[in-house]
Amino acid sequence: TDFDSKKKRKVAEIYQALNSDPIDVAALRRMAISEGGLLTDEIRCKVWPKLLSVNTDDLPPLPAGKELREDNKDYQQVLLDVRRSLRRFPPGMPDDQREGLQEDLIDIILHVLKRNPQLHYYQGYHDIVVTFLLVVGDRLATALVEKLSTHHLRDFMDPTMDNTKHILNYLMPIIDQVNPEVHDFMQSAEVGTIFALSWLITWFGHVLSDFRHVVRLYDFFLACHPLMPIYFAAVIVLYREQEVLDCECDMASVHHLLSQIPQDLPYETLISRAGDLFVQFPPSELAREAAQQQAERTAASTFKDFELVSVQQRPDTVLRQRFRERLRGEERTKSILTKPRTNRFVKLAVMGLTVALGAAALAVVKSALEWAPKFELQIFP
């Protein structure tokens, strides 16, 4: 069939890029982004290390689990999370095999944390690690996860959640660029962005039940800028535009709707759209708005409120009132200042990133490991 021949052709191109000297990493990135991603776990074992520039020739041996577990401050929490991770293993896997993998999972996490004391464990980290473990096995997973933890996931592994919240602050400006109506509805409902927290910090591993979809997204994220998961989150919300607008305009209803992620999403289309949006509205252009959101929400984003929202309760009325008064004030200044918004309603499928896959894909990835939110926060205190 046509699909099979396309697949064969892609496999051949991937191996060609792997065998060229030097390895053609740009081509591998394009393959990881374009339709179908890297196709098989066998290919992922070869390509993922290249996307993270991990040298697979001298992988360190894994330390014995016992040494790691004694007096490790994170051991108890990691153990609890890993025990709860049953549904992340393929259904039908024999118990003893799964239990062996869960032990490996604990060791990998503790090993990375021990070697990088600046990193702090967070709940959800194990959802990322288990994906690597199931695809590439324990030794390679350890090396890949360590690299990822010091790059893409670095902000989630700070002692506080400030940088994670900063990244979540990009969500609304992206939605606003594409669909101001959805943006304004969500602002009126005061839903915030907490519904997307687990999506972001587990790269959707925690919320998608089909493992194939998870690894497809990992192909995409590994090939792109570390902020791509937040663009993908925005694209999911935009895809559900009608459901959102039909919802009751209050926090509990909208939060409930958005935190239930549909399992039958058109992943390839959404990946393509997320790439398009990244090219059209790169993080540097949204940084000011994201930082502004941070500044405006400071009153409302103490950790207490963060937790309140996550259990779907309303924050106290004082904060809501303040927020409304501020919105009204903003509306007044906005109407004076804003550029006309009409042109934004054009549905943005302009670049067809995964179809054309030319310069656009490279624009998405060339900045992949240069991302530093701390720097942007200094520009916009």
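The values are calculated or read from the model by the stated rules, or taken from the named source; none is laboratory data. Everything numeric in this text was worked out from a predicted model, so none of it was measured. All Cβ positions, even for glycine, are placed from backbone atoms using ideal geometry, and neighbour counts span all protein chains on display. Only protein heavy atoms, including side chains, enter the accessible area calculation; ligands, DNA and RNA are left aside. Shrake-Rupley method; radii C 1.70, N 1.55, O 1.52, S 1.80 Å.
Please tell me if F220 is of a type in the set (F, W, Y), within 26 Å of S53 (Cβ to Cβ) and open to solvent by less than 30 Å² (accessible area, probe 1.4 Å). Before the answer, list the steps.
Details: of a type in the set (F, W, Y): yes; within 26 Å of S53 (Cβ to Cβ): yes; open to solvent by less than 30 Å² (accessible area, probe 1.4 Å): yes.
Answer is yes for this residue.
Would you confirm whether any residue within region 190-211 is free of Cβ contacts under 8 Å to residues at least 60 places away in the same chain, part of a helix (DSSP H, G or I), of a type outside the set (D, E) and open to solvent by 30 Å² or more (accessible area, probe 1.4 Å)?
Taking region 190-211 and keeping what is free of Cβ contacts under 8 Å to residues at least 60 places away in the same chain, we get 193, 200, 204, 207-208, 210.
Remaining after also requiring part of a helix (DSSP H, G or I): 200.
Of the ones still in play, those that are also of a type outside the set (D, E) are 200.
Right, trim to open to solvent by 30 Å² or more (accessible area, probe 1.4 Å) and you get none.
No: region 190-211 contains no residue that is free of Cβ contacts under 8 Å to residues at least 60 places away in the same chain, part of a helix (DSSP H, G or I), of a type outside the set (D, E) and open to solvent by 30 Å² or more (accessible area, probe 1.4 Å).
Could you list all residues from region 254-286 that are closer than 21 Å to A223 by Cβ and assigned to a loop (DSSP other than H, G, I, E, B)?
Selection gives L265, P266, F281, P282.
Hey, can you tell me all the residues within region 70-96 that are among the basic types (K, R) and either closer than 18 Å to H206 by Cβ or not in a loop (DSSP other than H, G, I, E, B) (or both)? If you could, list the steps in order and put the result at the bottom.
Start the filter on region 70-96 by keeping residues that are among the basic types (K, R), which leaves 73, 83-84, 87-88.
Once the filter is applied, which keeps residues that are among the basic types (K, R) and either closer than 18 Å to H206 by Cβ or not in a loop (DSSP other than H, G, I, E, B) (or both), region 70-96 yields R83, R84, R87, R88.
Does region 56-69 hold any residues that are surrounded by 10 or more Cβ atoms within 10 Å (Cβ to Cβ) and in a loop (DSSP other than H, G, I, E, B), and which are they?
Selection gives T56, L59, P60, L62, P63.
Please specify each residue of region 34-47 satisfying the condition of being closer than 12 Å to I14 by Cα and either touching a Gly at 6+ places or on another chain (Cβ under 9 Å) or among the hydrophobic types (A, V, I, L, M, F, W, C) (or both).
Within region 34-47, L38, L39, I43, R44, V47 meet the criteria.
Any idea which of (1) open to solvent by 10 Å² or more (accessible area, probe 1.4 Å); (2) modelled with pLDDT of 95 or more is the one Q280 doesn't satisfy?
Going through (1) open to solvent by 10 Å² or more (accessible area, probe 1.4 Å); (2) modelled with pLDDT of 95 or more one by one, Q280 breaks only (2).
For S34, are the conditions met, namely being more than 30 Å from N116 (Cα to Cα), open to solvent by less than 40 Å² (accessible area, probe 1.4 Å) and outside the structural domain of L270 (by the TED database)? Can you show your working first?
Values: more than 30 Å from N116 (Cα to Cα): yes; open to solvent by less than 40 Å² (accessible area, probe 1.4 Å): yes; outside the structural domain of L270 (by the TED database): yes.
Here the answer is yes, as S34 does meet what is asked.
Which members of region 101-120 meet the condition of being surrounded by fewer than 20 Cβ atoms within 10 Å (Cβ to Cβ) and assigned to a loop (DSSP other than H, G, I, E, B)?
Hits for region 101-120 are N116, P117, Q118, H120.
In region 170-185, which residues are in contact with a Lys or Arg (Cβ under 7 Å, 6 or more places away or on another chain) and under 10 Å from Y231 (Cα atoms)?
Selection gives nothing.
Testing V11 on (1) among the aliphatic types (A, V, I, L, M); (2) in contact (Cβ under 8 Å) with a residue 24 or more places away in the chain; (3) assigned to a helix (DSSP H, G or I); (4) open to solvent by less than 40 Å² (accessible area, probe 1.4 Å), one condition comes back false. Which one is that?
Going through the list (1) among the aliphatic types (A, V, I, L, M); (2) in contact (Cβ under 8 Å) with a residue 24 or more places away in the chain; (3) assigned to a helix (DSSP H, G or I); (4) open to solvent by less than 40 Å² (accessible area, probe 1.4 Å), V11 breaks only (4).
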